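K.L.:
Just passing along the structure, written as structure tokens.
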Amino acid sequence: MSALFEPLQLRSVTLPNRIVLSPMCQYSAVDGVPNNWHRIHLGRYATAGLGLIIAEATHVNAKARITPGCLGLYNAVQEAAFAEIAADVKQFGPTPFGIQLAHAGRKASADLPWRGGQSLQGPLAWPTVAPSPIPHDTGWHTPAELDDEGLNEIKRDFVSAAGRADRAGVDLIELHGAHGYLMHQFLSPISNKRQDGYGGSLDNRMRFPLEVFEAVRSTWPAHKPLGMRMTGSDWMGSEGLNIEDAIIFAAKLKERGADFVDVSSGGVSMQQKITTGPGYQVHFAEAVKKATGIVTMAVGMITEPVQAEAIVKEGKADLVAMARGLLNDPYWAWRAADALHGEVHVAPQYLRGRQRGVDTPREVVLKPAR
């Protein structure tokens, strides 16, 4: 039996296997509303045999968006559009539908990446907020330092967005605490220079992200999973967060009822020195899993079935999240099932493309859509 194709239970949600569509910003929304692009983009994965689909970073208020093209979940129009997508995804396959809730902090108000991705200027720009009034980089706007009122408002926005996600039929939430966005900005000593109870020691710097998590967990239905994408390293040596900090943070999340963590890295400083390569972040997930026992997701240049199988089978992570690999090959899970003798969901409309031949493992089970 392939470890990659074993089901995983998270509260009341059953993941049919360990392959996750990682959240990937499409920068294609209008006023934060998902549209036909998102329906096609996410819908094609409904029949792809994945264990979990997580929609891209979806922001909790308009000023929290990275770019004008980013998704939001702060009004009824957005909620209704998400409900349609969630219904489509779940109609055509057994894959649960998740969403990533986010606030970009000082990295908000940026242009689309294919237009350079730099800080917006002029009438298109909007004011940004952060733990400290430190720009993300030269040429970027200076954010306003959040006061207690601002912190409480953002926590309420996360709770409100989670309520909308629940009504829209979302099965799972991942809070975004990585990639240099707001909660990561609070965690990292590079971006957090506060002198109050939210700055200084690691305990203080963890305080706001943990408060956000607690607020959402207290209102998100008890039978639905909640986790966080977190950073394993700032890639800034002793100046930034490291794996020891990540382990402490993951343990605190677990104490508060987190069902999983998704361990990524980087993004808080333009001076970071990242060494990339196949599975270059897996060792962060492995360290967190071994130290805390929390369900852990690995991400970052995981592209080959044998590679993904080894990560799960050897206990380095419980789930593998894929981004570029699934953009390049949406039906990667079918190929992995062939290679690893796993079971995979196939809609009846696609069975002709999956007819057994002499080279197809007999162990592969072709299941009709429910």
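The values are calculated or read from the model by the stated rules, or taken from the named source; none is laboratory data. This one's a predicted model, so the numbers in the text were calculated from it and none came from an experiment. No Cβ is skipped: glycine too gets one built from the backbone with ideal geometry, and neighbour counts run over all protein chains shown. Note: areas computed on protein heavy atoms with side chains; ligands, DNA, RNA excluded. Shrake-Rupley method; radii C 1.70, N 1.55, O 1.52, S 1.80 Å.
K.L.:
Go through 161, 22, 41 and say which Cα lies farthest out towards the positive end of the charge dipole of the chain; charges sit on Cβ, +1 for Lys and Arg, -1 for Asp and Glu.
P.N.:
41
K.L.:
Next question. Go through 170, 33 and list them by solvent-accessible area, largest first, probe radius 1.4 Å. Present the calculation step by step, with values, prior to reporting the outcome.
P.N.:
Details: 170 0, 33 30 Å².
Largest accessible area first, the residues go 33, 170.
K.L.:
Could I ask something else about it? Run the helix sum for the chain: -39,500 (n - 2.57) per DSSP H stretch of 4+ residues, divided by residue count, reported at 222 nm to the nearest 500 deg cm²/dmol. Intermediate values should be presented prior to the final figure.
P.N.:
Values: 10 runs with 115 residues, N = 370.
One gets -9500 deg cm²/dmol as the mean residue ellipticity at 222 nm.
K.L.:
Go ahead and set up a Gaussian network model of the chain, Cα springs under 10 Å, then flag whichever of 41, 59, 345 fluctuates most.
P.N.:
Comparing 41, 59, 345 in a Gaussian network model of the chain, the most mobile one is 41.
K.L.:
Here's a follow-up. Percentage of Cα-Cα pair distances in the range 162-220 greater than 12 Å, rounded to whole percent? Display every interim value, and only then the final one.
P.N.:
Details: 1155 of 1711 pairs.
For the range 162-220, the share of Cα pairs beyond 12 Å comes to 68 percent.
K.L.:
Another one. Could you order peptides 78-85, 115-122 by the average number of other Cβ atoms within 10 Å of their residues, highest first? Walk me through the numbers on the way to the answer.
P.N.:
Details: 78-85: 19.4, 115-122: 12.6.
Peptide ranking by packing, descending: 78-85, 115-122.
K.L.:
May I ask you to give the solvent-accessible area per residue for the chain, in square angstrom, as obtained with a 1.4 angstrom probe?
P.N.:
Numbers: 14860 Å² over 370 residues.
About 40 Å² of surface per residue is accessible.
K.L.:
Within the set of other residues whose C-beta is less than 12 Å from the C-beta of residue 273, count the net charge using Lys and Arg as +1 and Asp and Glu as -1.
P.N.:
Numbers: positive: none; negative: 234, 239.
Result for the local shell: -2.
K.L.:
Can I ask one more? Tell me the relative contact order for the chain as a rounded percent, counting alpha carbon contacts under 8 Å between residues six or more apart. Can you show the working numbers first?
P.N.:
Working: 857 pairs, mean separation 62.0, N = 370.
The normalised contact order for the chain reaches 17 percent.
K.L.:
Local charge sum around residue 42 (other residues, Cβ-Cβ under 13 Å, Lys/Arg +1, Asp/Glu -1)?
P.N.:
Working: positive: 39, 44, 90; negative: 56, 84, 88.
My count for the surroundings of residue 42 gives 0.
K.L.:
With a cut-off of at most 10 other beta carbons within 10 Å, and DSSP calling the residue loop, which trypsin sites (Lys or Arg not before Pro) in the range 258-291 qualify? Please list them.
P.N.:
Values: sites: 273, 289, 290; in loops: 273.
Here the trypsin sites (Lys or Arg not before Pro) that fit, given the DSSP loop and packing criteria, are 273.
K.L.:
Let me ask something additional. Which value, in debye to the nearest 20, describes the size of the charge dipole of the range 3-353 about its Cα centre when Lys and Arg Cβ atoms bear +1, Asp and Glu Cβ atoms bear -1, and nothing else is charged?
P.N.:
On the way: 32 positive and 36 negative charges, 59 e Å.
So the dipole magnitude of the range 3-353 works out to roughly 280 debye.
K.L.:
Tally Lys and Arg at +1 and Asp and Glu at -1 over the other residues with C-beta under 10 Å from the C-beta of residue 80: what net charge comes out? Walk me through the intermediate numbers first.
P.N.:
Working: positive: 164, 167; negative: 79, 84.
Net charge in that neighbourhood comes out at 0.
K.L.:
Something else: Leaving out ligands, DNA and RNA, and with a 1.4 Å probe, what % of the accessible surface on the chain is carbon or sulfur? Each step should come with its number before you reach the end.
P.N.:
Working: 7800 of 14860 Å².
After summing per-atom areas, the C and S share lands at 52 percent.
K.L.:
Oh, and also: Can you tell me the length gained on complete extension of the stretch residue 270 to residue 223, counting 0.36 nm per residue apart and subtracting the Cα distance?
P.N.:
13.0 nm
K.L.:
If you don't mind, there's one more thing I want to ask. Ranked highest first by average number of other Cβ atoms within 10 Å, how do 299-307, 21-29 line up? Can you show the working numbers first?
P.N.:
Details: 299-307: 18.6, 21-29: 21.0.
My ranking of the peptides, most packed first, is 21-29, 299-307.
K.L.:
Take every DSSP beta bridge with both residues inside the range 3-353 and express the antiparallel ones as a percent of the total, to the nearest 5. Don't skip to the end; give the middle numbers.
P.N.:
Working: 5 of 40 bridges.
Roughly 10 percent of the beta bridges in the range 3-353 run antiparallel, per DSSP.
K.L.:
Which entries of 155/254; 254/313; 63/290; 193/252; 107/316 show an alpha-carbon separation above 27 angstrom in the structure shown?
P.N.:
On the way: 155/254 19 Å; 254/313 23 Å; 63/290 38 Å; 193/252 22 Å; 107/316 31 Å.
Beyond 27 Å between Cα atoms: 63/290; 107/316.
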